[in-house]
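Report on one structure; see the data block that follows.
The values are calculated or read from the model by the stated rules, or taken from the named source; none is laboratory data. What you see is a predicted model; the values in this text were computed from it and never measured. Neighbour counts run over all protein chains shown; Cβ positions are idealised from the backbone, glycine included. Note: accessible area is taken over every heavy atom of the protein model, side chains too, but ligands, DNA and RNA are not part of it. Shrake-Rupley method; radii C 1.70, N 1.55, O 1.52, S 1.80 Å.
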Amino acid sequence: MASSNFKDHLGRPIVAVTGMGIITSLGQGLSDNWAALTSGKSGIHKITRFPTDNLSTKICGTVDFIDIPVPNSVERSFAFARETTIEALAQAGLSGDFNGPLFLAAPPIEPEWSARFELADRSPPAAKPGDAYDRFMAALRQRPDPAFQEAALFGAISERLSDQFGTRGLPVTLSTACASGATAIQLGVEAIRQGRTDRALTVATDGSVSAEALIRFSLLSALSTQNDPPEKASKPFSKDRDGFVIAEGAATLVLESLEAAVARGAKVLGIIKGAGEKADSFHRTRSSPDGGPAIATIRAALADAGFSESDIGYVNAHGTSTPENDKMEYSSMLAVFDEGLKAIPVSSNKSMIGHTLTAAGAVEAVFSLQTMLTGTLPPTINYTNPDPTIALDVVPNVKRDAQVSAVLSNSFGFGGQNASLVMTREPA
């Protein structure tokens, strides 16, 4: 591979974004999503996919307008990823085989309980205790079930995407909780920086909202129970926040070395300037309350970008609307930016689209790039009762016009997964 003439401060190829695609509860496509997001529209609604009787949470941000052949999480996640990739490649002006690696962030989903029960019902009677696996295999040999098989294979989504879009090499599937989307982008960036490819396809998708997922998060006391009205439930950095709203979505970014993008005359939408990732061993689901790993993640992203704190003009916050996580994110940013934090506007897209889980980091990266391209800062809606202990310049309820040249986007996930991206409008 030829050496790049466009290098960053560490002599690595500069990584450009040339295509973006997105689906959230606000709609399909970048144009519709951006119009809804900047107008302060909420995509949160009552759950209709399954019964919510006796459940504390009855609201979500599901995507219910994409046709799928089988109603399960794998098919939804694949369909979202397929549609956003089609959009991103079209914007990048690429057709035919992509001929670069695929990095996919996908949820750790399993077959729906209804499918498991159906398989059990048609399995032969038990011959001895503990032979359930043999019984299930016998039933599948007798009557193959491709949909069930797809739902049981973690790499099924990436394999199908690779086949459809002609990516090169073994597709990588990762799942690092709420940081997954940002981590997929980081892997694509590193592949280009290391000279292993001129382009990478980075996709993050999550169609995993089910009764089981809702109940599991409810048992963690992580979900909002402010069901009425649904659009008012997600209120990051507000005093009366009580949890996140579970949601679905997907985003695809086409990454290229800046040299390759310029050589083919592609429009450059922005630059992935830096990425940082740190692990947090404090707790199985909770983030360390002192914010140590999150602080280290932000600082690592700034260092990777060759930036000082004063170079950041806007923060796309993780902003989940959970009492503990919002406080931790604020204290982490305060430790990094100190008094300068008061002058940096902050938004949480989750106030409108909910928490798209595995897809969140990539969804918010797309919105961060769009912020710089349009000079519009999306609002954080439902910000009417600010938490007095969180002194941020939250863009409240209505969009704000501002020219921003560098954005920090945070993704702090369950299980101690933390990732931050620094994106810029120009290579500089």
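A count restricted to region 235-250 and to residues that are acidic (D, E) and part of a strand (DSSP E or B) stands at 0. Given the condition free of Cβ contacts under 8 Å to residues at least 24 places away in the same chain and either of a type outside the set (D, E) or assigned to a loop (DSSP other than H, G, I, E, B) (or both), answer yes or no: does some residue in region 90-97 qualify? Within region 90-97, one or more residues are free of Cβ contacts under 8 Å to residues at least 24 places away in the same chain and either of a type outside the set (D, E) or assigned to a loop (DSSP other than H, G, I, E, B) (or both).
The set of residues from region 241-270 being farther than 16 Å from E364 by Cβ, over 18 Å from the mean Cα position of the chain (by Cα) and of a type in the set (A, V, I, L, M) comprises L258, A260, A261, V262, A263, A266, V268.
Consider region 299-337 and keep the residues that are of a type in the set (S, T, N, Q) and assigned to a loop (DSSP other than H, G, I, E, B). The one that is surrounded by the fewest Cβ atoms within 10 Å (Cβ to Cβ) is S308.
Within region 228-244, residues that are modelled with pLDDT of 95 or more sit with their Cβ atoms under 8 Å from residues that are among the small types (G, A, S) and open to solvent by 50 Å² or more (accessible area, probe 1.4 Å), at 6+ positions apart or across chains, in these pairs: G243/S221.
Among the numbered criteria (1) buried (at least 17 other Cβ atoms within 10 Å of the Cβ); (2) under 22 Å from the mean Cα position of the chain (by Cα); (3) over 16 Å from L421 (Cβ atoms), which one does M372 miss? Every listed condition holds for M372 apart from (3). Exactly one residue out of T57, T38, T18, T84 is at pLDDT 95 or above, under 16 Å from A359 (Cα atoms), open to solvent by less than 20 Å² (accessible area, probe 1.4 Å) and of a type outside the set (A, V, I, L, M, F, W, C), and it is T84. Does any residue of region 346-366 turn out to be more than 16 Å from the chain's Cα centre (by Cα) and of a type outside the set (V, I, T)? No, every residue in region 346-366 fails to be more than 16 Å from the chain's Cα centre (by Cα) and of a type outside the set (V, I, T). In region 104-142, the qualifying residues are those that are under 30 Å from S162 (Cβ atoms), surrounded by 15 or more Cβ atoms within 10 Å (Cβ to Cβ) and without any contact (Cβ under 8 Å) to a residue 24 or more places away in the chain, and the one that is nearest to the chain's Cα centre (by Cα) is R116.
So is G11 part of a strand (DSSP E or B) and out of contact with any Ser or Thr (no Cβ under 6 Å at 6 or more places or on another chain) or not? Lay out the reasoning, then the answer.
Working: part of a strand (DSSP E or B): no; out of contact with any Ser or Thr (no Cβ under 6 Å at 6 or more places or on another chain): yes.
No: the conditions fail for G11.
In region 131-157, the residue that is nearest to A211 (Cα to Cα) out of those that are small (G, A, S) and at pLDDT 75 or above is A147.
The listed residues are V366, V407, V395, and the only one of them that is touching a Ser or Thr at 6+ places or on another chain (Cβ under 8 Å), in contact (Cβ under 8 Å) with a residue 60 or more places away in the chain, of a type in the set (A, V, I, L, M) and open to solvent by less than 10 Å² (accessible area, probe 1.4 Å) turns out to be V407. Looking at the structure I just gave you, is T358 touching a Lys or Arg at 6+ places or on another chain (Cβ under 9 Å) and either in contact (Cβ under 8 Å) with a residue 60 or more places away in the chain or surrounded by fewer than 21 Cβ atoms within 10 Å (Cβ to Cβ) (or both)? Criteria not met by T358. Total residues in region 98-142 satisfying the condition of being touching a helix residue (DSSP H, G or I) at 6+ places or on another chain (Cβ under 7 Å), part of a loop (DSSP other than H, G, I, E, B) and of a type in the set (A, V, I, L, M, F, W, C): the figure is 4.
Quick check on this structure: which one of A279, A296 is surrounded by fewer than 24 Cβ atoms within 10 Å (Cβ to Cβ) and either of a type in the set (F, W, Y) or more than 18 Å from the chain's Cα centre (by Cα) (or both)? Even if it seems obvious, please write down each step before you answer.
Numbers: A279 fails: either of a type in the set (F, W, Y) or more than 18 Å from the chain's Cα centre (by Cα) (or both).
None of the other options fit; the residue is A296.
I'd like to know if region 398-413 contains one or more residues that are at pLDDT below 95 and not β-branched (V, I, T). Looking for residues that are at pLDDT below 95 and not β-branched (V, I, T), one finds at least one in region 398-413, hence yes.
For region 213-229, check the following and say yes or no: at least one residue is among the acidic types (D, E), surrounded by fewer than 20 Cβ atoms within 10 Å (Cβ to Cβ) and not in a loop (DSSP other than H, G, I, E, B). Checking region 213-229: not a single residue is among the acidic types (D, E), surrounded by fewer than 20 Cβ atoms within 10 Å (Cβ to Cβ) and not in a loop (DSSP other than H, G, I, E, B).
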